[in-house]
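The structure appears right after this line, and notes come after that.
The values are calculated or read from the model by the stated rules, or taken from the named source; none is laboratory data. Worth saying up front: this structure is predicted, and the values here are computed from it rather than measured. Backbone-built Cβ (ideal geometry, glycine too); neighbour counts: all protein chains shown.
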Amino acid sequence: MGRYFGTDGFRGEANVNLTAMHAYKVGRFLGYYFNQKHEDGGHAKIVIGKDTRKSSYMFEYALSAGITASGADAYLLHVTTTPSVAYIARTENFDCGVMISASHNPFYDNGLKLISGTGQKMDAAVEALVEDYIDAPEDSIPLARKEQIGRTVDYIMGRNRYMGYLMTLVTRSYEGIKVGLDCANGSSWMIAKSLFDALGAKTYVINAEPDGTNINRNAGSTHIEVLQAFVKEKGLDIGFAYDGDADRCMCVDDQGNVVDGDRILYLCGCYLKECGELEGDTVVTTVMSNIGLYKAFDAAGIRYEKTKVGDKYVYENMLENNFTLGGEQSGHIIFRKYATTGDGILTSLKIMEVMLEKKSKLSVLLRDLKIYPQLLVNVRVKSKPEARADEEVVKATERVAEALGTEGRILVRESGTEPVIRVMVEAPTEEECRKYVYEVVDVIKARGHEAE
C-alpha cells in the first residue's frame, strides 16, 4: 500500500486526513497526466461519480476544479454506483474515472477510487505518481490557459446507459416476484428500484432516503439484520442489500436466512458450471472465504483459487487466468464476462437468473451448503505491522492453528483501509470460535498494541 492509496483507493475522514485540497491535487495530476497521452493536443476525458455523503459534493467540485485547471474535461455522473463509473470509463472512451465514496464506512469518512480507462482499479504505479505530486513541496504542473482550460460536463446520461446495459442482461420477466431492496441510503437508491420495477418485480424498498449523513447507518449490506426483518415482515420471496457505493450485495432468502458472498459464489459457481460457462471449472475466492465453501466446491467438482483480501486481487487473478467468476465473502462478486469490478445490482440480477432458470427458491438451492461458524474480531492498534509481527502474537496464532487442525482455521491480517488487525476463526461450533479468537485478541491487547 502507498502513503495515501490503500487496497480500495484514498480513504479517510473528510476534512481531517482527506481534504478538498487532496482532491484538487488528485484532479490536477490526473488531468495533466492523461492530457500528455493525447498527442493531438486534445483534452483528456475523466468521468466522476459520487455517493450520497455530504462531503461527496465538496470533493466532486474540488476534483473537477483540479481536472479542468490542468486542461482536461470532467464528466459528472452525479450520484451513482462504483460499477457504473467503471462501466462508463471502459465503454465510452474515457481516459480514467474517479468514484467518490468510502463504500461501507460511516458518512464522515470518504474516499477517492481511481479507475483506469479499461474499468479496472488504477495501476499502483500511477497512484504512486499521484502521491508524489501531493507531497511535492512545489507545484510542478503548469496551469492550463485560454482555450486549453478544461470544461465540466453534466453526464447523467452515462448513468442511464449503465442502467440500460443491465437491462439487456436479463432474459426473463420478474413478474409476480416480491423483491426487497435495502439501498443503504447510498448510491443505489435511484437505480435499483427503477431496474426491478422495469423488469416486472413487485419491489419493496427500505433505506432509500439519503440525507447526507445516514448512508450505511443501520442499513445496507453491513447491517443485514434490517433486511432480514423486512423480508420476514412482508413475506417477500427474496431481498438484496447493497453497501454505500453498491459494489457489494448481500442477500436474504425466502426463509429470512442471510446469503453472503460465499453462498452467492457457490450458487452461481454451480449454475455456471452446469451451463458450461465456468471457465476452468474454477472460482476465485479470498483467504476469508469459509472452509465450508471449499468442502462444497470439492463435492461439486469445482476448483478454487485463494487471493489476498480485496476485489482488486480477485480481479487480477481472474484476468491473469481467464476465470469468469470470483469474489469475497463480504459480497463483492465479479462476473468478468459482464463487469470489471464487484457490482451489487448485477449480482442481484444473476441470482434472480439462477432462481428463475432453476424454478426454485433460494433457500432450496442452497440447502446442501454447510457453512462453518465464523467469528471476526477487529482490534484497533497503534501499529499494524508491529502488532502482526509480535513474536507472542505469532506464537498464539500458531497454537490456535494447531489446535484447530483440519476442522477449522485462523486468519490474522492487517486491514487494508483502517488501523485495525482482524482476527478470524472458523470452527465446528460458535463456542470454539469465540474461545480461539480471544486467545489471540487477548495477547494483542496484553502486549500493549491496542490503540486507545
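Structure values in brief
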read-out	value
Subset of the stretch 405-451 that is over 29 Å from the mean Cα position of the chain (by Cα) and among the charged types (D, E, K, R) - its residue that is surrounded by the most Cβ atoms within 10 Å (Cβ to Cβ)	GLU432
Lone qualifier among SER84, SER70, SER140 - being over 22 Å from LYS193 (Cβ atoms), surrounded by 22 or more Cβ atoms within 10 Å (Cβ to Cβ) and hydroxyl-bearing (Ser, Thr, Tyr)	SER70
Condition met for HIS78 (within 23 Å of ALA208 (Cβ to Cβ) and modelled with pLDDT under 95)	no
Check on GLY41, at positive phi, touching a helix residue (DSSP H, G or I) at 6+ places or on another chain (Cβ under 9 Å) and either surrounded by fewer than 24 Cβ atoms within 10 Å (Cβ to Cβ) or part of a strand (DSSP E or B) (or both)	yes
Test: residue in the stretch 263-271 that is closer than 19 Å to LEU325 by Cα, surrounded by fewer than 23 Cβ atoms within 10 Å (Cβ to Cβ) and small (Gly, Ala, Ser)	no
Counted residues, the stretch 212-259 - those being touching a residue at least 60 places away in the same chain (Cβ under 8 Å) and of a type outside the set (A, V, I, L, M, F, W, C)	20
Any hit, the stretch 157-170, residues being surrounded by 15 or more Cβ atoms within 10 Å (Cβ to Cβ), at positive phi and not β-branched (Val, Ile, Thr)	no
When residues of the stretch 252-284 are limited to those that are part of a strand (DSSP E or B) and in contact with a helix residue (DSSP H, G or I) (Cβ under 6 Å, 6 or more places away or on another chain), the one nearest to ASN317 (Cα to Cα)	VAL284
Any hit, the stretch 130-140, residues being aromatic (Phe, Trp, Tyr), in contact with a strand residue (DSSP E or B) (Cβ under 8 Å, 6 or more places away or on another chain) and within 28 Å of TYR313 (Cα to Cα)	no
Condition check for PHE94: in a loop (DSSP other than H, G, I, E, B), of a type in the set (Phe, Trp, Tyr) and in contact (Cβ under 8 Å) with a residue 60 or more places away in the chain	no
Search result, residues across the stretch 276-327 that are over 17 Å from LYS121 (Cα atoms), under 21 Å from the mean Cα position of the chain (by Cα) and of a type in the set (D, E, K, R)	GLU305, LYS306
Verdict on SER348 being hydroxyl-bearing (Ser, Thr, Tyr) and surrounded by fewer than 20 Cβ atoms within 10 Å (Cβ to Cβ)	no
Test: residue in the stretch 182-205 that is surrounded by fewer than 21 Cβ atoms within 10 Å (Cβ to Cβ) and closer than 30 Å to HIS22 by Cβ	yes
Filter result (touching an Asp or Glu at 6+ places or on another chain (Cβ under 9 Å) and of a type in the set (Asp, Glu)) within the stretch 348-363	none
Top-ranked residue in the stretch 51-64 [being buried (at least 22 other Cβ atoms within 10 Å of the Cβ) and touching a residue at least 60 places away in the same chain (Cβ under 8 Å); ranked as nearest to SER101 (Cα to Cα)]	ASP51
Yes/no for ASP245 being within 21 Å of the chain's Cα centre (by Cα), in the same structural domain as MET190 (by TED's automatic domain parsing), under 24 Å from GLY49 (Cα atoms) and crowded, with 24+ Cβ neighbours inside 10 Å	yes
Helices (runs of 4 or more DSSP H) completely within the stretch 304-422 that count 3 or more residues being in contact (Cβ under 8 Å) with a residue 60 or more places away in the chain and of a type in the set (A, V, I, L, M)	344-358
Filter result for HIS43 (over 23 Å from the mean Cα position of the chain (by Cα) and either over 18 Å from MET122 (Cβ atoms) or of a type in the set (Val, Ile, Thr) (or both))	yes
Residue within the stretch 278-298 that is closer than 29 Å to ARG413 by Cα, free of Cβ contacts under 8 Å to residues at least 40 places away in the same chain and surrounded by 20 or more Cβ atoms within 10 Å (Cβ to Cβ) present	yes
